[in-house]
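These notes concern the structure reproduced below.
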Amino acid sequence: MPDMDRLRLSGDALCLDLANTVDPREAEPRVDHLTEAAAIADWGERAGALGAADADRVRAAIAADPDAAAAALARLRDLREAIHRTFRAIAVGAAPAADDLEQVRERWADGVAAARLAAGEDGAGYGLVPREPGAPDRIAWAAAASALELLGSGRLDRVHRCAADDGCGWLFFDRSRSGNRRWCSMDTCGARAKMRAHYRRQRRRAADGYSTP
Ligand SMILES: [Zn+2]
């Protein structure tokens, strides 16, 4: 299984971080971080959808019922692809597919149906809490709720696809003040793009007959 601790989180929204669990998105070879049921809890904790105690509850439920956990993993992976297609379409100025939006709504509705309304621990008021805190599907419910929130945020102009031309394809929500974020991460795609631009300039100078340092 790929190392979850090394998975970058640069979506700046839970639903986009879920879409980015395939790395890269539009080139080969590809690493998929959600191929085993145990990864549901590991990713949920890593992405901040679960606290440590709830992640352990989900791990226990996965170990206790592998068949149910495998079905939850399949639902999470299907939702991931629906979310990826939806926000990739939005990022390139196209309309999302109705089937994909319907899948987001279905997983969100599942989560509402399996929840109770309770006071949050942070004192911020009342919210939906899964009746079964160890339910493996709760990660998908949280990601669907995140997608619904983003779809209705009025900020879809801030949803972008990484500008790297090597097939990264990761999606992110640009929270920068300037609104001109271009890459999923300055440490990876941004740094590579800058390096390539630098070499292009060097080659151009060399071709023009100038010596390069
Ligand atoms: Zn990228």
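The values are calculated or read from the model by the stated rules, or taken from the named source; none is laboratory data. What you see is a predicted model, and the numbers here were worked out from it, not measured in a lab. Counting neighbours? That spans all protein chains shown, and the Cβs are built from the backbone with ideal geometry, glycine included. Each accessible area value is taken on the protein alone, full model and side chains, heavy atoms only, with ligands, DNA and RNA left out. Shrake-Rupley method; radii C 1.70, N 1.55, O 1.52, S 1.80 Å.
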Of residues in region 149-168 being within 16 Å of the ligand (Cβ to nearest atom) and part of a loop (DSSP other than H, G, I, E, B), the one surrounded by the fewest Cβ atoms within 10 Å (Cβ to Cβ): 165
Residue selected from region 90-100 under the condition touching a helix residue (DSSP H, G or I) at 6+ places or on another chain (Cβ under 8 Å) and free of Cβ contacts under 8 Å to residues at least 24 places away in the same chain, by the criterion surrounded by the most Cβ atoms within 10 Å (Cβ to Cβ): 100
Qualifying positions in region 1-39 - touching a Lys or Arg at 6+ places or on another chain (Cβ under 9 Å) and within 18 Å of residue 135 (Cβ to Cβ): 18, 34, 38
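Restricting to region 170-189, give me the number of residues that are in a loop (DSSP other than H, G, I, E, B), touching a residue at least 40 places away in the same chain (Cβ under 8 Å) and surrounded by fewer than 21 Cβ atoms within 10 Å (Cβ to Cβ).
Residues meeting the conditions: 3.
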Output for region 27-47, where each listed residue is open to solvent by less than 60 Å² (accessible area, probe 1.4 Å), not in a helix (DSSP H, G or I) and not hydrophobic (A, V, I, L, M, F, W, C): 32, 33
Some residue of region 116-124 being at pLDDT 95 or above and within 16 Å of the ligand (Cβ to nearest atom): no
Among residues of region 111-148, those that are charged (D, E, K, R) and in contact with a helix residue (DSSP H, G or I) (Cβ under 6 Å, 6 or more places away or on another chain), counted: 1
